[in-house]
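Input: a single structure, listed below in structure tokens.
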Amino acid sequence: MSSAASWSYTAAATLWPLLGRDDWTGAATYGAPQVIACDYSAEVMRMTDAKGEEFISRQQIFTERAGVEPGDMILIGVSVSLDPITAGAAEVRAVTRWGDTLDRQADDYRIST
């Protein structure tokens with residue numbers, strides 16, 4: 001973790017990575033919950049996802065955690081629930097990446113739901 005992240009990412013979020021969809025039902029399958037260091041904002045913003053579709057983001061989560069993808073589920077706070085829907089998680093719609101301008105150790109990401 002970079003020196004800037006160690007003092008700025010002091011909150012926790014739980015991430016459930018999307019593993020795939022059932023061929024028969026189309027139901028999403030998620031991996032085990034993973035807790036990540038983060039900070040967050042509850043700002044309403046109009047955004048565009050990777051498919052070019054506009055959506056209203058109500059929550060932005062800032063982290064150094066790489067590999068978060070649209071379709072994953074995320075919740076501010078810590079959860080051990082295996083079901084992200086029951087836990088109250090929101091779907092990741094867009095991920096924005098910024099370079100680590102201070103230490104060049106790990107890039108920063110904004111996860112928008």
| message | What are the pairs with Cβ atoms under 7 angstrom where one residue, in the stretch 63-88, is free of Cβ contacts under 8 Å to residues at least 12 places away in the same chain and the other, located anywhere, is surrounded by fewer than 12 Cβ atoms within 10 Å (Cβ to Cβ) and not aliphatic (A, V, I, L, M)? Sequence gap at least six, or different chains. | response | none
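Quick check on I56: is it in a helix (DSSP H, G or I), over 20 Å from Y9 (Cα atoms) and out of contact with any helix residue (DSSP H, G or I) (no Cβ under 7 Å at 6 or more places or on another chain)?
Working: in a helix (DSSP H, G or I): no; over 20 Å from Y9 (Cα atoms): yes; out of contact with any helix residue (DSSP H, G or I) (no Cβ under 7 Å at 6 or more places or on another chain): yes.
Against the criterion (in a helix (DSSP H, G or I), over 20 Å from Y9 (Cα atoms) and out of contact with any helix residue (DSSP H, G or I) (no Cβ under 7 Å at 6 or more places or on another chain)), I56 does not qualify.
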| message | Restricting to the stretch 38-54, give me the number of residues that are hydrophobic (A, V, I, L, M, F, W, C) and closer than 26 Å to V78 by Cα. | response | 4
| request: Output the residue which, of all residues in the stretch 60-84 that are more than 10 Å from the chain's Cα centre (by Cα) and buried (at least 16 other Cβ atoms within 10 Å of the Cβ), is nearest to A13 (Cα to Cα). | output: S79
| note | Residues of the stretch 31-53 being assigned to a strand (DSSP E or B) and either at pLDDT below 90 or among the charged types (D, E, K, R) (or both), in sequence order, are D39, M45, R46, M47, T48
| Does the stretch 12-30 contain any residue that is part of a helix (DSSP H, G or I), among the hydrophobic types (A, V, I, L, M, F, W, C) and surrounded by 12 or more Cβ atoms within 10 Å (Cβ to Cβ)? | no
| field | Verdict on A90 being closer than 11 Å to T113 by Cβ, modelled with pLDDT of 85 or more and either within 17 Å of the chain's Cα centre (by Cα) or among the β-branched types (V, I, T) (or both) | value | yes
| Residue match in the stretch 60-69 (condition: more than 23 Å from D107 (Cβ to Cβ), of a type in the set (A, V, I, L, M, F, W, C) and out of contact with any strand residue (DSSP E or B) (no Cβ under 6 Å at 6 or more places or on another chain)) | no
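Looking at this structure, is T96 of a type in the set (S, T, Y), assigned to a loop (DSSP other than H, G, I, E, B) and at pLDDT below 95?
The answer is no for T96.
The values are calculated or read from the model by the stated rules, or taken from the named source; none is laboratory data. In this text the structure is predicted, and so the values were computed from the model without any measurement. Reconstructed Cβ throughout: ideal geometry from the backbone, glycine too, with neighbour counts over all protein chains shown.
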